[in-house]
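Take a look at the structure below.
The values are calculated or read from the model by the stated rules, or taken from the named source; none is laboratory data. This one's a predicted model, so the numbers in the text were calculated from it and none came from an experiment. When we count neighbours, we look across all protein chains shown, and the Cβ atoms used for this are built from the backbone with ideal geometry, even at glycine.
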Amino acid sequence: MATKKTSSAVAFGLPVNTACALCYLIGWVSGLGFLLAEKGNAKVRFHAMQSLLFFGGLTVISFVPVIGWLLSPFVLIIGFVVWLMSIYKAYNGEDFELPVVGKFAKEQLKKMK
């Protein structure tokens, strides 16, 4: 009986859990990098898209005149907490979705196929 061999290495030759965690390392920049580089692994692509949307959204919010500037301290605190949590959970292999962004990321990935 033949067994199907699955590769645990993804883009850049990294293990899946490491690639998922690195999607969050530099915020939307690393998310974009992994989204462009990884074509086969759905889990890595999901984390890359989620990182791109969440941290990209925070970046846009912080640049909105007056309101964004007033909210920047809160955006930084929320961003830092989510950043730490995301890296930790992704590295440990947990499947998690950030509220609102996670569902939207899945929808966008379905459209990209």
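Summary of computed values
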{"item": "Residues satisfying the stated conditions in the range 21-73, i.e. assigned to a loop (DSSP other than H, G, I, E, B) and hydrophobic (A, V, I, L, M, F, W, C)", "result": "CYS23, LEU25, ILE26, VAL64, VAL66"}
{"item": "Residues of the range 68-85 classified as small (Gly, Ala, Ser) and without any contact (Cβ under 8 Å) to a residue 12 or more places away in the chain, total", "result": "2"}
{"item": "Hits in the range 63-92 - residues which are in contact with a Phe, Trp or Tyr (Cβ under 8 Å, 6 or more places away or on another chain) and more than 16 Å from SER30 (Cα to Cα)", "result": "LYS89"}
{"item": "So PHE54, is it under 24 Å from MET112 (Cβ atoms), at pLDDT below 95 and surrounded by 12 or more Cβ atoms within 10 Å (Cβ to Cβ)", "result": "no"}
{"item": "Residues being part of a loop (DSSP other than H, G, I, E, B) and touching a helix residue (DSSP H, G or I) at 6+ places or on another chain (Cβ under 7 Å) - total across the range 93-113", "result": "4"}
{"item": "Tabulated pairs, the range 22-51, first on the phi > 0 side of the Ramachandran plot, second among the β-branched types (Val, Ile, Thr) and in a helix (DSSP H, G or I), C-beta under 8 angstrom, 6+ apart or interchain", "result": "GLY27/THR59"}
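This table checks each residue for (1) closer than 22 Å to PHE104 by Cα; (2) buried (at least 17 other Cβ atoms within 10 Å of the Cβ).
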{"position": "THR18", "(1), (2)": "no, no"}
{"position": "CYS23", "(1), (2)": "yes, yes"}
{"position": "LEU35", "(1), (2)": "yes, yes"}
{"position": "VAL44", "(1), (2)": "yes, yes"}
{"position": "HIS47", "(1), (2)": "yes, yes"}
{"position": "VAL60", "(1), (2)": "yes, no"}
{"position": "TRP69", "(1), (2)": "no, no"}
{"position": "SER72", "(1), (2)": "no, no"}
